[in-house]
Amino acid sequence: MTAKWEQRWHPLRQEWVVIAGHRQDRPWIGETLPREDAELPTYLESCYLCPHNDRISGAVNEDYDGVYVFDNDHPCVGPMAPLDILEAPGVYRNAPAQGLARVVCYGPEHNLRLSRLSVESIAMLLRTWQAQYRELSARSEVAHVLIFENNGDVVGVPNPHPHCQIYATNFVFKTTEVELSASVEHLAATGHGLFHRRRIRRNSRHPRRRQCR
Ligand SMILES: [Zn+2]
């Protein structure tokens with residue numbers, strides 16, 4: 001097959017990116033990880049996210065039976081962030097990393113994934129995200145709420161217990177700022193949202209088959 005690659009305009013990032021799929025075939029000498037097919041128990045005594053268990057901070061998880069939210073014991077932003085930071089030299093600037101960081105457990109079962117939760121459990125999780133977003137964004141010191149899931153050894157989150165994190169910061173992350181700006185510009189220029197599909201013909205890639213008579 002002929003190798004193809006091209007530049008594409010990224011409408012959210014508002015910049016050109018290069019798509020070079022043929023490079024998947026290039027020589028690779030880096031690390032590869034095996035699939036995690038090991039059977040996991042529904043409860044693990046050594047897991048700091050399972051119900052009833054101790055966390056490293058000394059706190060004890062509630063005997064929860066649904067979605068469970070608590071303040072991150074090892075926050076990257078928090079009200080206790082050091083205030084006595086050194087003045088940044090030259091062109092650099094710094095400030096206390098205040099804000100709030102929380103952990104959201106999707107449920108008590110250690111061995112589930114988001115994709116394997118029941119519809120009711122996912123609905124409960126979505127309602128929790130909404131409530132957290134509203135509560136945190138209503139605080140005067142919070143300008144941005146990011147809810148995200150990192151999962152796996154390669155991103156430094158080896159605990160498979162289904163959970164995500166929330167960062168509530170007093171600044172807006174640059175990625176979000178650019179995406180919002182792109183959306184506002186697109187709406188002003190076209191009259192419809194960037195993700196609005198009105199102008200895309202439905203089922204254009206999969207036209208209905210004509211019925212034989
Ligand atoms: Zn667990």
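The values are calculated or read from the model by the stated rules, or taken from the named source; none is laboratory data. All values reported here derive from a predicted model rather than from experimental measurement. Note that each Cβ is placed from the backbone with ideal geometry, even for glycine, and that neighbours are counted across all protein chains shown.
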Any residue in the stretch 152-165 that is part of a loop (DSSP other than H, G, I, E, B) sitting within a Cβ distance under 6 Å of a residue that is within 12 Å of the ligand (Cβ to nearest atom) and of a type in the set (A, V, I, L, M, F, W, C)? List the pairs, counting only those 6 or more apart or interchain. His161/Cys47; His161/Leu49; Pro162/Leu112
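Looking only at the stretch 24-41, how many residues end up being within 9 Å of the ligand (Cβ to nearest atom) and not aliphatic (A, V, I, L, M)? Let's see the steps before the verdict.
Kept after step one, since they are within 9 Å of the ligand (Cβ to nearest atom), are these residues of the stretch 24-41: 40-41.
Then keep just the ones that are not aliphatic (A, V, I, L, M); that gives 41.
The total comes to 1.
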Just name the residue that is surrounded by the most Cβ atoms within 10 Å (Cβ to Cβ) out of those in the stretch 177-205 that are among the β-branched types (Val, Ile, Thr) and at pLDDT below 95. Thr190
Output for the stretch 16-41, where each listed residue is under 30 Å from Leu194 (Cβ atoms) and either surrounded by 10 or more Cβ atoms within 10 Å (Cβ to Cβ) or aliphatic (A, V, I, L, M) (or both): Val17, Val18, Ile19, Ala20, Gly21, His22, Arg23
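How about the stretch 2-17: which of its residues are without any contact (Cβ under 8 Å) to a residue 24 or more places away in the chain and closer than 25 Å to Ala189 by Cβ? I'd like the intermediate steps shown before the answer.
Applying the first criterion (without any contact (Cβ under 8 Å) to a residue 24 or more places away in the chain) to the stretch 2-17 yields 2-10, 15-17.
Passing the criteria: Glu6, Gln7, Arg8, Trp9, His10, Glu15, Trp16, Val17.
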Scanning for something within 16 Å of the ligand (Cβ to nearest atom), of a type in the set (Lys, Arg) and exposed (fewer than 15 other Cβ atoms within 10 Å of the Cβ), does the stretch 117-128 turn up at least one residue? no
Would you mind stating whether Arg13 is at pLDDT 85 or above and not in a loop (DSSP other than H, G, I, E, B)? no
When residues of the stretch 59-73 are limited to those that are touching an Asp or Glu at 6+ places or on another chain (Cβ under 9 Å) and part of a loop (DSSP other than H, G, I, E, B), the one nearest to the ligand (Cβ to nearest atom): Asn61
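Can you name the residue in the stretch 143-161 that is among the β-branched types (Val, Ile, Thr) and out of contact with any helix residue (DSSP H, G or I) (no Cβ under 7 Å at 6 or more places or on another chain) and is also nearest to the ligand (Cβ to nearest atom) among such residues?
Just the residues of the stretch 143-161 that are among the β-branched types (Val, Ile, Thr), to begin with: 145, 147, 154-155, 157.
Filter once more, so that each one left must be out of contact with any helix residue (DSSP H, G or I) (no Cβ under 7 Å at 6 or more places or on another chain): 154-155, 157.
On the way: Val154: 20, Val155: 18, Val157: 13 Å.
Step by step, filter the stretch 143-161, then rank; the result is Val157.
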Looking only at the stretch 55-66, decide whether some residue is free of Cβ contacts under 8 Å to residues at least 40 places away in the same chain, loosely packed, with under 10 Cβ neighbours inside 10 Å, more than 24 Å from Ala123 (Cα to Cα) and not aliphatic (A, V, I, L, M). yes
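Could you please find all residues in the stretch 105-119 being among the hydroxyl-bearing types (Ser, Thr, Tyr), assigned to a loop (DSSP other than H, G, I, E, B) and under 15 Å from the mean Cα position of the chain (by Cα)?
If we filter the stretch 105-119 for residues that are among the hydroxyl-bearing types (Ser, Thr, Tyr), which is where we start, we get 106, 115, 118.
Filter again for assigned to a loop (DSSP other than H, G, I, E, B), leaving 106, 118.
Residue satisfying the conditions is Tyr106 alone.
Quick one: is Asn111 within 25 Å of Cys50 (Cβ to Cβ), surrounded by fewer than 18 Cβ atoms within 10 Å (Cβ to Cβ), within 16 Å of the ligand (Cβ to nearest atom) and in contact (Cβ under 8 Å) with a residue 60 or more places away in the chain? Spell out how you get there, then give the answer.
Numbers: within 25 Å of Cys50 (Cβ to Cβ): yes; surrounded by fewer than 18 Cβ atoms within 10 Å (Cβ to Cβ): yes; within 16 Å of the ligand (Cβ to nearest atom): yes; in contact (Cβ under 8 Å) with a residue 60 or more places away in the chain: yes.
Considered against the rule, which asks whether it is within 25 Å of Cys50 (Cβ to Cβ), surrounded by fewer than 18 Cβ atoms within 10 Å (Cβ to Cβ), within 16 Å of the ligand (Cβ to nearest atom) and in contact (Cβ under 8 Å) with a residue 60 or more places away in the chain, Asn111 comes out as yes.
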Exactly one of Arg23, Arg35, Arg93, Arg102 is in a helix (DSSP H, G or I) and either touching a Gly at 6+ places or on another chain (Cβ under 7 Å) or not polar (S, T, N, Q) (or both), and that residue is Arg23
Take the stretch 86-104 and flag every residue that is over 21 Å from the mean Cα position of the chain (by Cα) and either among the β-branched types (Val, Ile, Thr) or within 16 Å of the ligand (Cβ to nearest atom) (or both). Val91
